[in-house]
């Protein structure tokens, strides 16, 4: 467990060198399209609220479908950001929507490790989402 915390402690918010800034910008551009999937995480919850508002007898399967879809999109985000972080050897933590120099970032081997963590945790999240979707279908 301590192996996970060590890379997080090695993050830096110092100004980037020109090479690191270029790498950071490329990482942000490659990950940006996956950040839009966050909207897809919110949409099932809005649909659930509409369904609950309009139904006289709500079904519990709607909650399972909502959780399953939200977790599925979250898992896809983690998998893709983990892959990109492993390829580029940079792991960026911070606000996803605002391009800022105050991002916390990790470089090289620690970034590869955190990328693997995100990648495999994304697959675990997808597996949980599939189980929830199956339960929602079964009920």
Practice item. Determine whether the stretch 2-13 contains at least one residue that is surrounded by 15 or more Cβ atoms within 10 Å (Cβ to Cβ) and modelled with pLDDT of 75 or more. Key: no
Point to revise | Number of positions in the stretch 51-73 that are closer than 19 Å to residue 39 by Cα and more than 29 Å from the chain's Cα centre (by Cα) | key: 0
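So in the stretch 110-127, with the set limited to residues that are surrounded by fewer than 16 Cβ atoms within 10 Å (Cβ to Cβ) and touching a helix residue (DSSP H, G or I) at 6+ places or on another chain (Cβ under 7 Å), which one is modelled with the highest pLDDT? Step through it out loud before you land on a result.
As a first pass, look at the stretch 110-127 and keep what is surrounded by fewer than 16 Cβ atoms within 10 Å (Cβ to Cβ): 116, 120-121, 123-124, 127.
Then drop every residue that is not touching a helix residue (DSSP H, G or I) at 6+ places or on another chain (Cβ under 7 Å), which leaves 116, 121, 123.
On the way: 116: 87, 121: 92, 123: 96.
So, considering only residues that are surrounded by fewer than 16 Cβ atoms within 10 Å (Cβ to Cβ) and touching a helix residue (DSSP H, G or I) at 6+ places or on another chain (Cβ under 7 Å), the one modelled with the highest pLDDT is 123.
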Practice item. Tell me, please, whether a residue that is over 18 Å from residue 119 (Cα atoms) and modelled with pLDDT of 85 or more can be found in the stretch 83-101. Key: no
Review point. How about the stretch 23-76: which of its residues are touching a helix residue (DSSP H, G or I) at 6+ places or on another chain (Cβ under 8 Å), buried (at least 16 other Cβ atoms within 10 Å of the Cβ) and at pLDDT below 85?
Key: 23, 27, 30, 31, 34
Revision key, fill the gap. Residue count, the stretch 128-139, condition in a helix (DSSP H, G or I) and either surrounded by fewer than 18 Cβ atoms within 10 Å (Cβ to Cβ) or in contact with a strand residue (DSSP E or B) (Cβ under 8 Å, 6 or more places away or on another chain) (or both), comes to 7
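The values are calculated or read from the model by the stated rules, or taken from the named source; none is laboratory data. The structure presented is a predicted model; accordingly, all values stated were derived computationally and were not measured. Cβ atoms come from the backbone with ideal geometry, glycine included; neighbour counts cover every protein chain shown.
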